[in-house]
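What follows is a set of notes on a single structure, which appears directly below.
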Amino acid sequence: MAKNRQLPLFEKDLDASAPPTVRGGAVVREVRCRSVLNRTGPADYSFNCYTGCTHGCVYCYARFMQRFHPHDEPWGKFVDVKINSADVMGRQARKLPPGRVFTCSACDGWQGLERHYRLTRECCRVLLEAGFGLGVLTKSDLVRRDFDLFAGRDVSVGVTITTPDETLAQLWEPGASPVAARLEVLREAKHAGLRTTLTFGPLLPALSDTPEALNRLFALAAETDVDRIWTDALNPRPRVWPSVRDLLVRRWPGLVPLYRRILFDAEHRARYERDLEARVREAATAAGLAGRLA
Ligand code: SF4
């Protein structure tokens, strides 16, 4: 198959006959998919065995998926499980040229349901056996289960941390593993000889983008000796603002105007991004990690 063949970004899933169930507070529907491996940047491909994510991050950019897959339940409270993912992946992996696969792009592949379904694990196994490389990014310590598959292969293991503060993390990423458990993922990955990455983002204005918070984040990066560090500012992606605003109104009402300016005032946003980049570089330099910034 030609390398530049276009695959649909989000394939239309086919209904499976099983009725929905409720697990861990989320409505779970088993569906069948026609394709699971998608061409996408920044890697060559990505895949998602689940539509929806029970981590339920307040700032989640994948909320836009609800435009393509409408659900009555709010984001974080539904998951469609593509139960034939591994078979479909096997078929696609045989036909497509090997490349790097971002795992995963619109859900956390190691969210709680993966413990039961093991679909992300199977897809990773299929891809690695077919000669693909994996760039794993997760907020779940369940990924440690799959280090046996990754060892000795072309795999980098990354975790995302938005704030070093466990209480803040619980508010912004209610279903994700604690920050300490995510750091443990990196230590174990390193121990297993895997390349590691840390993504600090989205950095939360006035909460985790301050010099003090950034110094704490980069101290954690230094302590885990992570190979590569990415940072990201909060972005005005579709459907993100209502959930961010609701949490701010409940917990930090005084920050609403600041967030609104950063997200929606282009001039203010440009200045914010410049200042944030300078603070990030300063904190990275202080931790001796400027050379590891992506
Ligand atoms: S882990 Fe990622 S995909 Fe899942 S809710 Fe959080 S930001 Fe969204």
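The values are calculated or read from the model by the stated rules, or taken from the named source; none is laboratory data. Since we're looking at a predicted model, the values are computed, not measured. Every residue, glycine among them, receives a Cβ derived from its backbone with ideal geometry; neighbour counts consider all protein chains shown. Calculation scope for accessible area: heavy atoms of the full protein, side chains included, ligands and nucleic acids excluded. Shrake-Rupley method; radii C 1.70, N 1.55, O 1.52, S 1.80 Å.
The condition of being farther than 17 Å from P20 by Cβ and either modelled with pLDDT of 95 or more or more than 15 Å from the ligand (Cβ to nearest atom) (or both) holds for G99.
Has the stretch 247-266 got any residue that is of a type in the set (D, E), in a loop (DSSP other than H, G, I, E, B), open to solvent by less than 60 Å² (accessible area, probe 1.4 Å) and at pLDDT 95 or above? Talk me through it step by step, then tell me what you get.
Taking the stretch 247-266 and keeping what is of a type in the set (D, E), we get 265.
Remaining after also requiring in a loop (DSSP other than H, G, I, E, B): 265.
Applying the additional criterion that residues be open to solvent by less than 60 Å² (accessible area, probe 1.4 Å) yields none.
Within the stretch 247-266, none of the residues are of a type in the set (D, E), in a loop (DSSP other than H, G, I, E, B), open to solvent by less than 60 Å² (accessible area, probe 1.4 Å) and at pLDDT 95 or above.
Among the residues of the stretch 76-93, those that are open to solvent by less than 20 Å² (accessible area, probe 1.4 Å) and either free of Cβ contacts under 8 Å to residues at least 40 places away in the same chain or not charged (D, E, K, R) (or both) comprise G76, F78, V79, V81, N84, S85, V88, M89, G90, Q92, A93. Consider the stretch 204-232 and keep the residues that are in a loop (DSSP other than H, G, I, E, B) and among the hydroxyl-bearing types (S, T, Y). The one that is least open to solvent (accessible area, probe 1.4 Å) is S208.
In the stretch 278-294, what count of residues is obtained for those that are of a type outside the set (G, A, S), in a helix (DSSP H, G or I) and in contact (Cβ under 8 Å) with a residue 40 or more places away in the chain?
Step one: filter the stretch 278-294 for residues of a type outside the set (G, A, S), giving 279-282, 285, 289, 292-293.
If we keep only those that are in a helix (DSSP H, G or I) too, we end up with 279-282, 285, 292.
Filter again for in contact (Cβ under 8 Å) with a residue 40 or more places away in the chain, leaving 279-280, 282, 292.
Result for the stretch 278-294: 4.
Regarding A169, is this residue under 20 Å from the mean Cα position of the chain (by Cα) and open to solvent by less than 20 Å² (accessible area, probe 1.4 Å)? Taking the combined requirement at face value, the residue satisfies it.
Table: residues versus (1) surrounded by fewer than 24 Cβ atoms within 10 Å (Cβ to Cβ); (2) within 15 Å of the ligand (Cβ to nearest atom); (3) not polar (S, T, N, Q).
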residue	(1), (2), (3)
K95	yes, no, yes
T103	no, yes, no
L142	yes, yes, yes
L149	yes, no, yes
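Table: residues versus (1) under 13 Å from the mean Cα position of the chain (by Cα); (2) modelled with pLDDT under 90; (3) more than 9 Å from the ligand (Cβ to nearest atom); (4) over 26 Å from D232 (Cα atoms).
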position: E30; (1), (2), (3), (4): no, no, yes, yes
position: A43; (1), (2), (3), (4): no, yes, yes, no
position: G56; (1), (2), (3), (4): yes, no, no, no
position: H69; (1), (2), (3), (4): no, yes, yes, yes
position: P74; (1), (2), (3), (4): no, no, yes, no
position: F78; (1), (2), (3), (4): no, no, yes, yes
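Looking at this structure, is A180 out of contact with any strand residue (DSSP E or B) (no Cβ under 7 Å at 6 or more places or on another chain), modelled with pLDDT of 95 or more, more than 17 Å from L220 (Cβ to Cβ) and more than 16 Å from the ligand (Cβ to nearest atom)? Against the criterion (out of contact with any strand residue (DSSP E or B) (no Cβ under 7 Å at 6 or more places or on another chain), modelled with pLDDT of 95 or more, more than 17 Å from L220 (Cβ to Cβ) and more than 16 Å from the ligand (Cβ to nearest atom)), A180 does not qualify.
Given the options A286, A270, A290, name the one that is open to solvent by 80 Å² or more (accessible area, probe 1.4 Å) and small (G, A, S).
On the way: A270 fails: open to solvent by 80 Å² or more (accessible area, probe 1.4 Å); A290 fails: open to solvent by 80 Å² or more (accessible area, probe 1.4 Å).
Of A286, A270, A290, the one residue that is open to solvent by 80 Å² or more (accessible area, probe 1.4 Å) and small (G, A, S) is A286.
Can you find a residue in the stretch 108-130 that is within 16 Å of the ligand (Cβ to nearest atom), within 16 Å of L149 (Cβ to Cβ), touching a Cys at 6+ places or on another chain (Cβ under 6 Å) and open to solvent by less than 10 Å² (accessible area, probe 1.4 Å)? For the stretch 108-130, residues within 16 Å of the ligand (Cβ to nearest atom), within 16 Å of L149 (Cβ to Cβ), touching a Cys at 6+ places or on another chain (Cβ under 6 Å) and open to solvent by less than 10 Å² (accessible area, probe 1.4 Å): present.
Filtered by the rule that a residue be open to solvent by less than 50 Å² (accessible area, probe 1.4 Å) and farther than 24 Å from D80 by Cβ, the stretch 152-164 gives V155, S156, V157, G158, V159, I161, T162, T163, P164. Answer with yes or no whether S35 is touching a helix residue (DSSP H, G or I) at 6+ places or on another chain (Cβ under 9 Å), of a type in the set (G, A, S) and open to solvent by less than 40 Å² (accessible area, probe 1.4 Å). So S35 fits the description; yes. The lone criterion from (1) at positive phi; (2) exposed (fewer than 15 other Cβ atoms within 10 Å of the Cβ); (3) in contact with a Phe, Trp or Tyr (Cβ under 9 Å, 6 or more places away or on another chain) left unmet by R239 is number (2).
Can you tell me which residues in the stretch 166-203 are of a type outside the set (D, E, K, R), part of a loop (DSSP other than H, G, I, E, B) and touching a residue at least 60 places away in the same chain (Cβ under 8 Å)? Full working, then the answer.
Residues of the stretch 166-203 of a type outside the set (D, E, K, R): 167-172, 174-181, 183, 185-186, 189, 191-194, 196-203.
If we keep only those that are part of a loop (DSSP other than H, G, I, E, B) as well, we get 174-178, 192-194.
If the condition is that a residue be of a type outside the set (D, E, K, R), part of a loop (DSSP other than H, G, I, E, B) and touching a residue at least 60 places away in the same chain (Cβ under 8 Å), then P174, G175, A176 are the ones that fit.
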